[in-house]
Amino acid sequence: MTHDAAVQKAGEIASSVLAPSAGQNDKAGRFSTEAVQSLGEAGLSGLLLPANFGGSGLGPRTFAAVTATLAEADASVAMVYLMHVLGTACISAARPSAVPALTPILEDIGAGRHLSTLAFSEAGSRSHFWAPISRAQRNGNGVRISAKKSWVTSAGYAQSYVVSALAPEGAGPTDSTLYLLRAGTSGLSVAGPWDGLGLRANASAPVALDECGVALEFQLTEDGAGFAAMLNRVLPLFCLGSAAVALGLCRAAVRGTTSHLKNAKFEHLGKTLGESLPTLRAQLAAMQIDTDGLAARIDDLVEHLEKPRETTLLRVLESKAAAGDVAISVTATAMRTCGGAAFSKHLNIERLFRDAHAGAVMAPTGDVVREFIGKSLLGIPLF
Ligand SMILES: Cc1cc2nc3c(=O)[nH]c(=O)nc-3n(C[C@H](O)[C@H](O)[C@H](O)COP(=O)(O)OP(=O)(O)OC[C@H]3O[C@@H](n4cnc5c(N)ncnc54)[C@H](O)[C@@H]3O)c2cc1C
């Protein structure tokens with residue numbers, strides 16, 4: 001599959017599957033299994049997966065474009081997709097000794113039959129996902145894991161979970177290991193409902209692990225190498241995908257606001273809102289400027305990921321922080337510009353506004369990212 005074909009397929013699914021049901025799914029907090037199925041059937045589940053597993057072997061540019069396209073129609077589905085791509089990246093980068101056991105799973109992902117996700121955040125260490133409280137215990141050749149994973153996107157719907165836990169003999173708070181747990185593993189259960197302010201249709205519920213047995217061949221990283229995998233493999237793609245979700249939300253807000261300003265009328269003046277009020281035109285313009293600014297930032301990040309250089313990590317972190325702020329600001333301006341029509345939920349703008357608030361609280365949170373950037377500029381160790 002080429003870049004253009006992938007983006008076109010994402011656009012088709014966005015308009016035929018996501019857009020018609022996004023509002024209802026949001027209201028009901030309903031996970032869209034049909035969206036996941038469509039993405040799989042279109043070959044988008046294995047977007048970054050190497051061709052030998054049936055994937056498309058595409059890169060961050062296509063991932064960002066596809067994710068933004070999905071988010072423009074339904075950010076909940078885009079987040080499910082993002083977490084799946086990250087889970088897949090962890091599985092496909094597993095240590096060589098795990099590859100034979102993981103190959104059928106990777107082939108299922110390539111064939112669009114398997115949804116994965118990340119289960120990093122824990123109730124104890126909250127947004128500090130790099131420091132799990134849980135510790136894997138040796139159990140014959142494998143390990144046993146008990147953990148309270150506090151938010152897991154696609155909880156109960158994913159076929160596998162990439163789980164972090166402290167390595168059995170790890171000495172420090174970041175000496176973690178990544179493991180793959182399949183749905184149906186004894187002791188793995190969804191531990192509560194998901195009733196978020198935004199991204200309501202993505203089942204980001206808590207997951208409990210109670211003495212879950214994991215065989216050695218499902219240990220993805222070497223003991224203690226989970227932290228490096230989180231920082232080097234997951235963080236860049238997560239920040240890029242998160243920025244792409246923000247971009248999709250901003251584009252949807254610009255589109256929705258434009259449509260409202262073109263169609264809603266002051267009948268006593270015989271003009272549309274957009275024709276009548278320069279303030280509304282200025283607010284719409286500000287939204288457009290910020291949205292295009294975010295798109296340019298994402299392009300710049302993609303270039304840095306395609307050709308890594310000294311400034312790449314800085315760009316990764318900056319993009320996460322900036323995207324979260326831009327999405328909140330653009331959707332808040334859309335709420336104000338569309339006034340009571342947005343406030344009383346006659347438009348989809350308020351869903352975008354609620355969804356936009358997730359980016360800044362998803363780890364690494366906007367505050368933590370700023371801490372990292374500030375520390376790195378001052379030469380202070382991050383951890
Ligand atoms: C919709 C959604 C989906 C999610 N999906 C997943 C998932 O699939 N997998 C997963 O592992 N996790 C997931 N998460 C969890 C997420 O990544 C965070 O771990 C979680 O939102 C943290 O929330 P908290 O309030 O417990 O964080 P807290 O750590 O309690 O943060 C509270 C506040 O303190 C600030 N803060 C914390 N540390 C610092 C610091 N060092 N410096 C400055 N400020 C700081 C934060 O920015 C925040 O404002 C999801 C969360 C949401 C909302």
Complete set of residues in the range 100-118 that are open to solvent by less than 10 Å² (accessible area, probe 1.4 Å) and in a helix (DSSP H, G or I): Leu102, Leu106, Ile109
Out of the range 214-234, which residues are touching a Gly at 6+ places or on another chain (Cβ under 6 Å) and of a type outside the set (A, V, I, L, M, F, W, C)? Gly224
Return the residues of the range 57-72 that are open to solvent by less than 40 Å² (accessible area, probe 1.4 Å) and in contact with a Pro (Cβ under 9 Å, 6 or more places away or on another chain); say none if nothing qualifies. Pro60
Residue among Leu305, Leu301, Leu294 that alone is more than 16 Å from the ligand (Cβ to nearest atom), under 17 Å from the mean Cα position of the chain (by Cα), assigned to a helix (DSSP H, G or I) and farther than 26 Å from Ala19 by Cβ: Leu301
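Answer with yes or no whether Asp367 is in a helix (DSSP H, G or I) and surrounded by fewer than 21 Cβ atoms within 10 Å (Cβ to Cβ). Give the derivation first.
Values: in a helix (DSSP H, G or I): yes; surrounded by fewer than 21 Cβ atoms within 10 Å (Cβ to Cβ): yes.
In short, yes.
Select from the range 335-360 the residues that are open to solvent by 70 Å² or more (accessible area, probe 1.4 Å) and either small (Gly, Ala, Ser) or modelled with pLDDT under 95 (or both) and list them in ascending order.
At the first step, the residues of the range 335-360 found to be open to solvent by 70 Å² or more (accessible area, probe 1.4 Å) are 336, 343, 345-346.
Within the range 335-360, Lys345, His346 qualify.
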Note on the range 85-99: residues over 14 Å from Leu47 (Cα atoms), among the small types (Gly, Ala, Ser) and in a helix (DSSP H, G or I) are Ser97, Ala98
I'd like the residue in the range 114-140 that is over 25 Å from Ala75 (Cβ atoms) and among the hydroxyl-bearing types (Ser, Thr, Tyr) and, out of all such residues, is farthest from the ligand (Cβ to nearest atom). Ser134
Give just the number: which of (1) assigned to a loop (DSSP other than H, G, I, E, B); (2) open to solvent by less than 20 Å² (accessible area, probe 1.4 Å) does Val330 not satisfy? (1)
Leu313 is checked against (1) surrounded by 15 or more Cβ atoms within 10 Å (Cβ to Cβ); (2) within 15 Å of the ligand (Cβ to nearest atom); (3) touching a residue at least 60 places away in the same chain (Cβ under 8 Å) and fails just one. What number does that condition carry? (2)
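Only one residue in Gly226, Gly192, Gly184, Gly198 is among the small types (Gly, Ala, Ser), out of contact with any Cys (no Cβ under 6 Å at 6 or more places or on another chain) and farther than 27 Å from Gly324 by Cβ, so which one is that? First the steps, then the outcome.
On the way: Gly226 fails: farther than 27 Å from Gly324 by Cβ; Gly192 fails: farther than 27 Å from Gly324 by Cβ; Gly198 fails: farther than 27 Å from Gly324 by Cβ.
Matching residue, one of Gly226, Gly192, Gly184, Gly198: Gly184.
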If you take the residues of the range 339-362 that are near the ligand (Cβ under 9 Å from one of its atoms) and in a loop (DSSP other than H, G, I, E, B), which of them is farthest from Gly23 (Cα to Cα)? Met362
Tell me the residue from Thr333, Thr365 that is away from the ligand (no atom under 13 Å from the Cβ) and polar (S, T, N, Q), please. Thr333
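Of everything in the range 1-44, what is in a helix (DSSP H, G or I), of a type in the set (S, T, N, Q) and open to solvent by 40 Å² or more (accessible area, probe 1.4 Å)? Give them in sequence order.
Of the residues in the range 1-44, the ones in a helix (DSSP H, G or I) are 3-28, 33-41.
Now narrow it down to the ones that are of a type in the set (S, T, N, Q): 8, 15-16, 21, 24-25, 33, 37-38.
Correct list: Gln8, Ser15, Ser16, Gln24, Thr33, Gln37.
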Taking the range 282-307 and keeping only residues that are free of Cβ contacts under 8 Å to residues at least 24 places away in the same chain and touching a helix residue (DSSP H, G or I) at 6+ places or on another chain (Cβ under 6 Å), one is left with His304
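Need at least 2 residues that are away from the ligand (no atom under 14 Å from the Cβ) and open to solvent by 20 Å² or more (accessible area, probe 1.4 Å) per element, so show me which strands (runs of 3 or more DSSP E) inside the range 141-260 make the cut, counting only ones lying wholly within it.
142-152, 188-190, 205-214
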Candidate set from the range 268-309 (those that are closer than 14 Å to Arg255 by Cα and among the charged types (D, E, K, R)); member that is least open to solvent (accessible area, probe 1.4 Å): Asp290
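The values are calculated or read from the model by the stated rules, or taken from the named source; none is laboratory data. Just so it is clear, the structure is predicted and the values come from calculations on it, not from any experiment. Counting neighbours? That spans all protein chains shown, and the Cβs are built from the backbone with ideal geometry, glycine included. These accessible areas exclude ligands, DNA and RNA; they are computed on the full protein's heavy atoms, side chains included. Shrake-Rupley method; radii C 1.70, N 1.55, O 1.52, S 1.80 Å.
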